[in-house]
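Laboratory data are not the source of any read-out in this text; all were calculated from the coordinates shown. As the structure is a prediction and not an experimental result, all values here were calculated from the model. Here the Cβ positions follow ideal geometry from the backbone for every residue, glycine too, while neighbour counts run over all protein chains shown.
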Amino acid sequence: MPFTSGEFVTIDYTARRASDNSIVYTTMEKTAKDEGVFEEGSKYGPQLVVIGKNNAIKGVEDAVKEMSASQQKTITIEPKDAFGDRSEDLVRVMKLSDFRDREIEPAPGMRVNIDGTAVTVKSINSARVVVDANHPLAGEKLVYDIKVVKKLDSDTEKVDAIADMYALKPDNAKQENAAVRLVFGTKVNKDADYFINKSAMVSAIFRFMDEVKNVSVEEQYSREEKKEE
């Protein structure tokens with residue numbers, strides 16, 4: 001039975017370039033290791049698709065919403081429904097000094113953020129650097145092997161799945177009527193990434209869960225015990 005707008009679905013997938021069958025990304029750690037593309041520190045595991053909320057590329061969402069629980073499907077996605085067509089207008093030349101002013105030493109293939117725009121360094125010639133603001137997969141036809149893992153029905157599952165998108169794991173998550181309450185205990189490392197991800201998570205809860213009108217986040221801290229010398 002097809003999924004409907006607003007439903008939460010988790011999927012596993014492996015994406016490959018249609019041109020040479022090389023893996024672009026996989027959610028499955030075993031596949032990554034078997035195919036020789038495993039990256040230490042990368043997060044593997046099922047990913048969330050919220051039907052109708054555009055949190056996955058169009059080609060993937062269009063395919064998933066016509067699937068059912070546990071179904072597998074292989075699809076080919078044209079660039080327009082993946083990461084878009086390439087635009088030469090997004091390729092430009094910058095001064096090498098512009099990078100060094102930002103304390104960046106550019107190298108071909110490097111992905112950097114320039115004034116809020118992610119770019120790829122294509123080449124360096126003397127004092128000039130060619131950068132490309134196209135998505136690295138722009139213009140690529142892609143083949144996706146998709147498996148629907150689960151449809152999430154409970155509010156707790158949905159909130160936990162949104163938190164997981166931002167590498168957060170609340171000790172407790174509860175929705176009552178139009179309010180969501182989250183608790184992050186003392187074991188959660190509340191560094192700069194935590195606060196950035198927390199803000200993004202709250203925004204995503206409002207974006208994906210139309211019925212939610214209020215989100216509260218409780219943070220627990222404990223005093224560090226001084227070690228006796």
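Count the DSSP beta bridges whose two residues both fall in the chain, then state the antiparallel fraction as a percent rounded to the nearest 5.
Values: 42 of 48 bridges.
Approximately 90 percent, going by the DSSP bridge assignments.
Take the Cα atoms of the chain, find their three principal axes, and give me the spread along each one in whole Å, biggest first.
Over the chain, Cα extents along the principal axes are 62, 59, 37 Å.
For the chain, modelled as a GNM with alpha-carbon contacts under 10 angstrom, which of 93, 119, 131 fluctuates the most?
Largest GNM mean-square fluctuation: 93.
Got a sec to turn the phi values of the stretch 12-19 into Karplus ³J(HN,Hα) couplings, 6.51 cos²θ - 1.76 cosθ + 1.60 with θ = phi - 60°, whole Hz, x for Gly and Pro?
Values, residue by residue: 9, 7, 10, 10, 10, 6, 5, 5 Hz.
Residue-wise, which Karplus ³J(HN,Hα) couplings in Hz belong to the stretch 28-39, taking 6.51 cos²θ - 1.76 cosθ + 1.60, θ = phi - 60°, and x for glycine or proline?
9, 4, 4, 4, 4, 5, 5, 8, x, 10, 5, 10
If the reach is capped at under 23 angstrom between alpha carbons, list the lysines near residue 65, excluding any in the same chain fewer than eight residues apart.
Within the straight-line cut-off, residue 65 pairs with 53, 73, 80, 141, 147, 150, 151, 158.
Exposure proxy check: 40, 35 ranked by fewest other beta carbons within 10 Å? Write out the running numbers ahead of the final one.
Details: 40 4, 35 14.
Neighbour counts put them in this order, fewest first: 40, 35.
With θ taken as phi - 60° and the coefficients 6.51, -1.76 and 1.60, list the Karplus ³J(HN,Hα) couplings across the stretch 212-222 in order, rounded to whole Hz; mark glycine and proline as x.
Values per residue, Gly and Pro as x: 7, 10, 8, 10, 10, 10, 9, 10, 10, 10, 9 Hz.
Hey, in the GNM for the chain with a 10 angstrom Cα cutoff, which one of 69, 192, 15 fluctuates hardest?
192
Pairs of Cα atoms under 8 Å, at least six residues apart: use those to get the relative contact order of the chain, whole percent.
Numbers: 387 pairs, mean separation 48.5, N = 229.
Here the relative contact order equals 21 percent.
By average Cβ neighbour count within 10 Å, what is the ranking of 101-110, 121-130, 196-205 from highest down? Numbers along the way, then the final one.
Values: 101-110: 12.0, 121-130: 14.0, 196-205: 16.5.
Packing order, densest peptide first, comes out as 196-205, 121-130, 101-110.
Could you work out the relative contact order of the stretch 154-229, using alpha carbon pairs under 8 angstrom and six or more residues apart, expressed as a whole percent? Intermediate results must be reported in sequence, preceding the final value.
Details: 87 pairs, mean separation 25.1, N = 76.
Result for the stretch 154-229 is 33 percent.
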